[in-house]
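Everything below concerns the one structure shown next.
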Amino acid sequence: MRFSFILGLLPVVLGAAATSPDTTEAPPSLNFGQTGVAPPTKPTFPPTTHPYHGDSPSSNLWTPAQKASFQQAVASWDGKEVTTKGCAVYADQTITIPVFVVVHYYSNPISNDKTRAHGYLSPAQVQAMIDQMNKDWSASKPRVRFALSTGTGANAGIRYVVFRKIADWNNFIVAPPSNQAELDVVTTIAENVRGPVSSRPSSQMRQLFIYTVKAMPDSTIAFAFLPSSSSPFSVDGIYISQEYLLKPASDLAYHYPHTLTHEAGHWLTLEHTFEGGCDAPNTLTGGDMVTDTPRWDLSSNFYSNACYYYKQYGYDFNKIVNPCPGGTKAQAIANIANYMSYSLAECTTKFTTGQQKRAWAAAINFRKFVPVCGAVA
Ligand SMILES: [Zn+2]
């Protein structure tokens with residue numbers, strides 16, 4: 001198996017699209033909140049085509065053995081994480097994840113300019129991204145916090161990698177690995193700032209690296225790698241397209257302030273709510289391996305992106321029909337609100353209790369975080 005040598009680091013992808021909405025299917029401008037305003041091109045309900053999303057579920061890249069091992073680990077945590085680790089009161093624990101952001105950008109060697117259009121992010125802009133992650137994760141119990149590293153040099157919270165040739169920068173298009181060449185690119189990105197795997201301390205598994213790149217193919221917005229207990233963490237981290245980061249809030253299809261929240265979920269082993277589709281058992285070893293996230297189906301573009309149509313065209317959520325047999329309307333709405341769905345930022349507001357427990361268990365068991373008792377100032 002071509003991925004066996006990466007020892008369980010598996011990419012998961014957010015937002016791969018079959019076509020480029022930038023050029024061919026850009027959604028019309030919105031009438032946000034203005035009910036009764038007829039959109040210019042209202043699709044049928046549900047629409048048969050979708051303007052921006054595709055799907056690359058993480059399970060596409062699992063070997064059966066890897067999947068089985070992962071499921072076994074997840075199932076083994078059930079119930080134990082509340083009694084065997086940390087403080088006396090399960091919910092009153094905190095882990096702080098040190099975050100390292102690697103910003104790739106182009107700058108003319110003479111003018112040495114730093115512009116957003118060329119990928120530059122100021123420290124304040126990076127901090128705002130981390131603040132959003134913390135805001136979204138703030139309801140998680142026990143607590144999961146993200147903190148930019150305060151070190152210097154190789155431990156700096158923000159590292160800049162400068163391209164001096166615009167052509168090099170424009171070609172810095174990074175794909176979620178589906179072959180050796182693509183994996184080599186991702187590995188190089190990580191090794192450029194983290195060094196070879198053989199020289200890294202085991203504490204690296206507790207370091208969340210976020211790499212911004214020029215762009216990703218097929219309108220992919222970001223991808224991350226699921227951890228495993230045997231992983232060397234060679235390419236561990238979140239990779240995110242700076243082209244997406246430029247999208248304004250008015251661009252519903254591409255404005256994803258919660259993308260890092262979603263990707264951090266992957267980093268802590270959470271999978272998409274639609275993993276396995278409607279047929280997956282809603283168990284610790286089936287689907288997304290979280291029992292309180294309803295079964296879901298991504299085969300219909302509409303259902304995975306109902307938020308978009310709701311916001312774009314003013315559809316009434318009460319009209320939504322759960323795509324899974326036996327599924328309820330409430331479950332459908334809950335899925336659209338879940339950070340690990342492919343819903344839009346405007347609709348995603350929560351992790352389920354099961355997802356919080358799973359992320360916590362992964363942080364303690366896979367990434368070996370040692371929690372502190374109580375909150376951290
Ligand atoms: Zn994802």
I need a count of the residues in segment 102-116 that are touching a Phe, Trp or Tyr at 6+ places or on another chain (Cβ under 9 Å) and among the polar types (S, T, N, Q). 2
Residues satisfying the stated conditions in segment 336-357, i.e. within 15 Å of the ligand (Cβ to nearest atom) and either in a loop (DSSP other than H, G, I, E, B) or in the same structural domain as ALA222 (by TED's automatic domain parsing) (or both): TYR339, MET340, SER341, TYR342, SER343, LEU344, ALA345, THR348, PHE351
Search result, residues across segment 328-352 that are under 20 Å from GLY276 (Cα atoms) and of a type in the set (S, T, N, Q): THR328, GLN331, ASN335, ASN338, SER341, SER343, THR352
Residue list for segment 98-121, filter: among the basic types (Lys, Arg) and in contact (Cβ under 8 Å) with a residue 24 or more places away in the chain: ARG116
Residues in segment 202-211: is at least one of a type in the set (Ser, Thr, Tyr), assigned by TED's automatic domain parsing to the domain that holds VAL101 and surrounded by 12 or more Cβ atoms within 10 Å (Cβ to Cβ)? yes
Please state which one of GLY195, GLY237, GLY151 is closer than 26 Å to ALA377 by Cβ and not polar (S, T, N, Q). GLY151
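The values are calculated or read from the model by the stated rules, or taken from the named source; none is laboratory data. The structure displayed is predicted, hence computed values, not measured ones. Here Cβ is always computed from backbone atoms with ideal geometry, including for glycine, and neighbour counts include all displayed protein chains.
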